[in-house]
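Chemist: Handing you a structure now.
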Amino acid sequence: MKSFLVQTALFLGVSLLFLLLSPVLKEGINPYLFQILMVMGINITLAISLTLINGITGQFSIGHAGFMALGAYGAGGFSVFLGPKLAALGLPPLVSQNLWLVVSILFGGGLAALAGLIIGMPTLRLRGDYLAIATLGFGEIIRVVITNLDFVGGARGLIGIPTTTNFFWVYFVCLLCGILVYRLSHTPRGLALSAVREDEIAATSIGINTTRYKVAAFITGAFFAGVAGGLFAHFFGYINPQSFTFVKSFELVVMIVLGGLGSITGAVVGAVLLTLLPEFLRAPQAFIPLPLPEFLTGFLGQVSQYRLLIYSLLLIVLMLTRPQGIFGRREFSLARFLGRKGTEP
Amino acid sequence: MEFLQQILNGLSIGSIYALIALGYTMVYGVLRLINFAHGDVYMIGAMTGFYTATAIMKYQLPLPVFLTTLLAALVVCGLLGALIERVAYRPLRNHPKITLLITAIGVSLFLEYGGQALFGPDPKNFPQIVPDRDMIPASSLSLTLIDTTIFALTLVLLGILFWIVHHTSLGRAMRAVSENPRNAALMGVNVNRIISLTFVMGSVLAGAAGVMVGISRPKIEPLMGILPGIKAFAAAVLGGIGNLPGAVVGGLIIGLLETFISAVNIGGKSLSSYRDAVAFAILILILLVKPTGLFGKSTIEKV
């Protein structure tokens, strides 16, 4: 009971911190850094939601960008087409903006979750690499269909989405997603997910309905990917099918593999590293407010040209030397980090 | 005539898919791995062909252009296939399948972005090394020398492949390894060598496909292997993965369907932009309805 109170207080405290930081960061740091910060938050949510499917439940999906696309187009389309109606209600702008954002990203998330259900029910019977290629196929089909939908702009993309995403919502969603996935994986029900990952036949034999759990994980993951997509759409105000190719899906896979497949903190670290690293290489001056020697920025600029090459090399070397990623399956714990003996949850 | 023409076009692109699909199916047969990098080997084949042909034409070397180009692509791709297997896959052979799959994705991305760094990201024009001559000028059907070359080359390569697999001791060893690597090893088969050679053979076929696409659709670029790679994989699954004739049939079917979809008009709106979704839709349908593919498990013939 006490720990529940502490946790709730912590949750509210962190949320409040995000709320307070939100206007400060928007005005206080340069727009380039702010954009990176927002993209990072969106990537964290995506990575955590993919961890639930790939890491914790062990179903290897490489079509996550498809769910993100559905969320982005669902939420963006919702705002674009129904936006004028809400504006006519005459609510104060602060309320209407945030309310509208939440409703539309929930709509986007719902759409992605629905797709997760439709796609998950049949495909999750497949195993391993077959599932991987089927999810890849679905992700691509979603993108091709969107490209052919004229009312959302087709290949030109959807414009005119209100840019209402702020720091608070992005990181609040990260927090929610992280807590949810963590709680989910540490309840008896969540242990069933791990059981499905470890051995499906054994899990079935102790009475776990593996299909149900797999689909449930898939839907939850898809929902958060959709929400992240919605935030993405409402941050940039413009979306294009080209942002959601399987290259994006691969990028997300690299993030969670780098951090450690199955670890939530690993997913966060992976997302942060892989968002910051390319930006840092491209423009180190924006991160370090000191006059940097020219040869250094020049060198980093050279490196940044080959960043995608470096990613792929990193992935191969990582798999060959440390296939379990940075954290393995464990979570980062301060106690263990400081050398004390951590208590297992 | 229009219909026949579409069939010819479909078979032409289908042959290319078929050759790539064979590589997927062979590697899957011996390693149970979707070799994601296979589509990029095909890209390397096209690039090798491009540089060889350009060099021959520029320095006017006294060499038969087409044959030398083809040979160069085959050799480079074969070596590349063996190298990929040795460096990236062999050390991980006893790890979980997912580790291998992620490594394959890594190798694929490495070849794509390495290709961009090495060759530059812009599309290149493959030099015309096979003249664009119509073989039957009397009819309205257009069967070019290029298409004829593609068909002939495909048949020759298939003939060689099937001869190797069915009539040599190497082929018998390959079939044994795909049946059961451990038992094959007990029977004195050098499993590592066979797996290596399987990669070489699959990659050689992909290299040939790369040159073929170079002569028929001359725009080549470092990311060109991604989509045909996945489509060819779909073709392999369609025919029943691990099954050699299945891969060929699957490739031809996907090529034909794609061509037909592109030609369909509904209410004045062309469906050609849905072309790329066709292979995926078929793939998913097959996986759901008959995961063993067209040539089901009972007749399966693994390499």
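Chemist: Take the residues of the stretch A:201-220 that are without any contact (Cβ under 8 Å) to a residue 24 or more places away in the chain and assigned to a helix (DSSP H, G or I): which is surrounded by the fewest Cβ atoms within 10 Å (Cβ to Cβ)? Reasoning before the result, please.
Modeler: Kept after step one, since they are without any contact (Cβ under 8 Å) to a residue 24 or more places away in the chain, are these residues of the stretch A:201-220: A:201-210, A:212, A:216.
From the residues that got through so far, the ones that are assigned to a helix (DSSP H, G or I) too are A:201-205, A:210, A:212, A:216.
On the way: A:Ile201: 7, A:Ala202: 11, A:Ala203: 19, A:Thr204: 14, A:Ser205: 9, A:Thr210: 18, A:Arg212: 12, A:Ala216: 20.
Going through the qualifying residues, I end up with A:Ile201.
Chemist: Out of curiosity, is A:Phe223 buried (at least 24 other Cβ atoms within 10 Å of the Cβ) and farther than 28 Å from A:Phe18 by Cβ?
Modeler: So A:Phe223 fails the test.
Chemist: Follow-up. If I filter the stretch B:180-201 down to residues being under 20 Å from B:Pro91 (Cα atoms) and within 13 Å of the chain's Cα centre (by Cα), which single residue comes out as surrounded by the fewest Cβ atoms within 10 Å (Cβ to Cβ)?
Modeler: Checked the stretch B:180-201; the qualifying residue surrounded by the fewest Cβ atoms within 10 Å (Cβ to Cβ) is B:Val200.
Chemist: Now a separate question. Scan the stretch A:236-266 residue by residue and report those that are surrounded by fewer than 24 Cβ atoms within 10 Å (Cβ to Cβ) and over 17 Å from A:Thr135 (Cα atoms).
Modeler: The answer is A:Phe236, A:Gly237, A:Tyr238, A:Asn240, A:Gln242, A:Ser243, A:Thr265.
Chemist: Also: For the list (1) modelled with pLDDT under 90; (2) away from chain A (no Cβ under 14 Å); (3) under 18 Å from B:Ser108 (Cα atoms), I need the number of the one condition that B:Thr48 fails.
Modeler: Result: B:Thr48 fails condition (1) only.
Chemist: Can you tell me which of (1) within 13 Å of chain B (Cβ to nearest Cβ); (2) in a helix (DSSP H, G or I); (3) under 27 Å from B:Ala236 (Cα atoms) is the one A:Gly55 doesn't meet?
Modeler: (3)
Chemist: Go through the stretch A:142-175 and give me each residue that's under 17 Å from the mean Cα position of the chain (by Cα) and either in a loop (DSSP other than H, G, I, E, B) or surrounded by fewer than 16 Cβ atoms within 10 Å (Cβ to Cβ) (or both).
Modeler: Correct list: A:Thr165, A:Asn166.
Chemist: A follow-up question, please. Can you tell me which of B:Leu67, B:Leu80, B:Leu101 is closer than 24 Å to B:Pro218 by Cα and either in contact with a strand residue (DSSP E or B) (Cβ under 9 Å, 6 or more places away or on another chain) or touching a residue at least 60 places away in the same chain (Cβ under 8 Å) (or both)?
Modeler: Unique residue meeting the criteria: B:Leu80.
Residues checked against (1) under 24 Å from B:Gly10 (Cα atoms); (2) touching a helix residue (DSSP H, G or I) at 6+ places or on another chain (Cβ under 8 Å); (3) hydrophobic (A, V, I, L, M, F, W, C):
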site	(1), (2), (3)
B:Met57	no, yes, yes
B:Val65	no, yes, yes
B:Ala82	no, yes, yes
B:Ile136	yes, no, yes
B:Leu158	yes, yes, yes
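Chemist: Identify, please: which residue in the stretch A:288-315 is part of a loop (DSSP other than H, G, I, E, B) and at pLDDT 75 or above and is, among those, nearest to A:Val39 (Cα to Cα)?
Modeler: Going through the qualifying residues, I end up with A:Tyr306.
Chemist: Being β-branched (Val, Ile, Thr) and touching a Gly at 6+ places or on another chain (Cβ under 9 Å) is the filter here; which residues of the stretch A:39-61 pass it? Walk me through how you get there before you give the answer.
Modeler: Kept after step one, since they are β-branched (Val, Ile, Thr), are these residues of the stretch A:39-61: A:39, A:42, A:44-45, A:48, A:51, A:53, A:56-57.
Correct list: A:Ile42, A:Ile44, A:Thr45, A:Ile48, A:Thr51, A:Ile53, A:Ile56, A:Thr57.
Chemist: Follow-up. Can you tell me how many residues within the stretch A:100-132 are β-branched (Val, Ile, Thr) and either away from every other protein chain (no Cβ under 14 Å) or touching a residue at least 24 places away in the same chain (Cβ under 8 Å) (or both)?
Modeler: Total meeting the criteria: 4.
Chemist: Here is a further query. Restricting to the stretch A:145-172, name every residue that is closer than 19 Å to A:Trp100 by Cα and of a type in the set (S, T, N, Q).
Modeler: Result: A:Thr163, A:Thr164, A:Thr165, A:Asn166.
Chemist: Considering only the stretch A:157-174, state which residues are more than 18 Å from A:Val95 (Cα to Cα) and in contact with a Phe, Trp or Tyr (Cβ under 7 Å, 6 or more places away or on another chain). Can you show your working first?
Modeler: As a first pass, look at the stretch A:157-174 and keep what is more than 18 Å from A:Val95 (Cα to Cα): A:157-160, A:171, A:173-174.
Result: A:Gly157, A:Leu158, A:Ile159, A:Tyr171.
Chemist: Any idea how many residues of the stretch B:7-24 are within 10 Å of the chain's Cα centre (by Cα) and among the β-branched types (Val, Ile, Thr)?
Modeler: 2
Chemist: While we're here: Mind listing just one residue for me: the one in the stretch B:214-236 that is among the basic types (Lys, Arg) and surrounded by fewer than 24 Cβ atoms within 10 Å (Cβ to Cβ) and, of those, farthest from B:Ile146 (Cα to Cα)?
Modeler: Just the residues of the stretch B:214-236 that are among the basic types (Lys, Arg), to begin with: B:217, B:219, B:231.
When the remaining residues are screened for being surrounded by fewer than 24 Cβ atoms within 10 Å (Cβ to Cβ), the result is B:217, B:219.
On the way: B:Arg217: 10, B:Lys219: 15 Å.
By that ranking, first place goes to B:Lys219.
Chemist: Does B:Gly120 satisfy the criteria of being buried (at least 17 other Cβ atoms within 10 Å of the Cβ) and either more than 8 Å from every other protein chain (Cβ to nearest Cβ) or touching an Asp or Glu at 6+ places or on another chain (Cβ under 6 Å) (or both)?
Modeler: no
Chemist: In addition: Looking for something of a type in the set (D, E, K, R) and within 30 Å of B:Pro121 (Cβ to Cβ) - is there at least one such residue anywhere in the stretch B:256-272?
Modeler: Scanning the stretch B:256-272 turns up at least one residue that is of a type in the set (D, E, K, R) and within 30 Å of B:Pro121 (Cβ to Cβ).
Chemist: Kindly indicate the residue of the stretch B:126-147 that is of a type outside the set (Asp, Glu) and assigned to a helix (DSSP H, G or I) and also surrounded by the most Cβ atoms within 10 Å (Cβ to Cβ) among those meeting that condition.
Modeler: B:Ile146
Chemist: Kindly indicate whether A:Leu231 is at pLDDT below 90, surrounded by 19 or more Cβ atoms within 10 Å (Cβ to Cβ), assigned to a helix (DSSP H, G or I) and not acidic (Asp, Glu).
Modeler: On the way: at pLDDT below 90: no; surrounded by 19 or more Cβ atoms within 10 Å (Cβ to Cβ): yes; assigned to a helix (DSSP H, G or I): yes; not acidic (Asp, Glu): yes.
When the stated conditions are applied, A:Leu231 does not pass them.
Chemist: Could you tell me how many of the residues in the stretch A:243-273 are farther than 26 Å from A:Thr147 by Cβ and assigned to a helix (DSSP H, G or I)?
Modeler: Number of matching residues: 14.
Chemist: Here's a follow-up. With respect to B:Ile194, is the statement that it is hydrophobic (A, V, I, L, M, F, W, C) and either part of a loop (DSSP other than H, G, I, E, B) or over 23 Å from B:Tyr24 (Cβ atoms) (or both) true? Full working, then the answer.
Modeler: On the way: hydrophobic (A, V, I, L, M, F, W, C): yes; either part of a loop (DSSP other than H, G, I, E, B) or over 23 Å from B:Tyr24 (Cβ atoms) (or both): no.
It is false that B:Ile194 is hydrophobic (A, V, I, L, M, F, W, C) and either part of a loop (DSSP other than H, G, I, E, B) or over 23 Å from B:Tyr24 (Cβ atoms) (or both).
Chemist: Scan A:Asn148, A:Asn166 and give me the residue that is away from chain B (no Cβ under 14 Å) and over 13 Å from B:Leu287 (Cβ atoms).
Modeler: A:Asn166
Chemist: How many residues are surrounded by 13 or more Cβ atoms within 10 Å (Cβ to Cβ) and basic (Lys, Arg) if we restrict to the stretch A:277-328?
Modeler: Residues that pass the stated criteria total 2.
Chemist: Can you name the condition, by its number, that B:Ile150 falls short on among (1) within 14 Å of another protein chain (Cβ to nearest Cβ); (2) surrounded by 13 or more Cβ atoms within 10 Å (Cβ to Cβ)?
Modeler: All conditions pass for B:Ile150, except number (1).
The values are calculated or read from the model by the stated rules, or taken from the named source; none is laboratory data. Remember, predicted model here, so these are calculated numbers, not experimental data. When we count neighbours, we look across all protein chains shown, and the Cβ atoms used for this are built from the backbone with ideal geometry, even at glycine.
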